[in-house]
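One structure below.
Just so you know, all these numbers are worked out from the coordinates, no wet-lab data involved. Since this is a predicted model, take the numbers as computed values, not measurements. Using ideal geometry, Cβ is built from the backbone for each residue, glycine included, and neighbour counts are taken over all protein chains shown.
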Amino acid sequence: MSYIVLLTTTDSQEEAQNLAKQALDRRLAACVQIVGPMTSVYRWKGKIEMSQEYRCEMKTTTNHYVELAAMIVEQHSYEVPEIVTLPIAEIDREYAGWMDGQLGEV
């Protein structure tokens, strides 16, 4: 089993908290950290945009990626939400065990 961090951003702390709660309620993430506000600069529909966003860092496994990504698309207010993952190269055995318990992997 591979552990990952799934990243997504929202334009409000309330939406970030809702996504975090949904991910935890459905046991799709073991933990979600919300970072922000931060400034994002990006190109959208041909224009450079600058906006304030909140980043959700969702700790999960590759087993839950498809369902977690689908939940984000379903619940997110953005037309094209950011959904990217980073592999966790090393993880403490006890923390991994805790994650497994939260995700129903044990």
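In order along segment 83-90, the Karplus-derived 3J(HN,Hα) couplings, from 6.51 cos²θ - 1.76 cosθ + 1.60 at θ = phi - 60°, round to 9, 10, 10, 10, x, 9, 5, 9 Hz, and Gly and Pro are given as x.
What trypsin sites (Lys or Arg not before Pro) in segment 37-75 are in a loop by DSSP, with at most 15 other Cβ atoms within 10 Å of the Cβ? Here the trypsin sites (Lys or Arg not before Pro) that fit, given the DSSP loop and packing criteria, are Lys45. Each Lys or Arg adds one and each Asp or Glu takes one away; over the other residues whose Cβ falls under 14 Å from the Cβ of Pro37, this sums to -3. In summary, the aspartates and glutamates within cross-link reach of Lys45, defined as a Cα separation below 13 angstrom excluding same-chain residues under 8 places away, comprise Glu79.
So which GluC sites (Glu not before Pro) in segment 68-106 pass both tests, a DSSP loop state and at most 10 other Cβ atoms within 10 Å of the Cβ? Numbers along the way, then the final one.
Details: sites: Glu74, Glu79, Glu82, Glu90, Glu94, Glu105; in loops: Glu79, Glu82, Glu90, Glu105.
Counting only loop positions with at most 10 other Cβ atoms within 10 Å, the GluC sites (Glu not before Pro) in segment 68-106 are Glu79, Glu90.
When the Cα positions of Tyr78, Gly97, Ala16 are compared along the charge dipole of the chain, Tyr78 comes out farthest toward the positive end, with charges on each C-beta of Lys, Arg, Asp and Glu. The residues neighbouring Val84, those whose beta-carbon lies less than 12 Å from its own, together hold a net charge of -1 under the Lys/Arg +1, Asp/Glu -1 convention. Each part reduced to its alpha carbon centroid, segment 14-41 and segment 66-87 end up 11 Å apart. When the P(r) is computed for the chain, the part past 20 Å accounts for 38% of the Cα-Cα pairs. Relative contact order of the chain: 41 percent, from C-alpha pairs under 8 Å at least 6 residues apart in sequence. Taking 20 Å as the straight-line reach from the Cα of Lys21, the aspartates and glutamates in range (excluding those fewer than 8 positions away in the same chain) are Asp11, Glu53, Glu57, Glu67, Glu74, Glu82, Asp100, Glu105.
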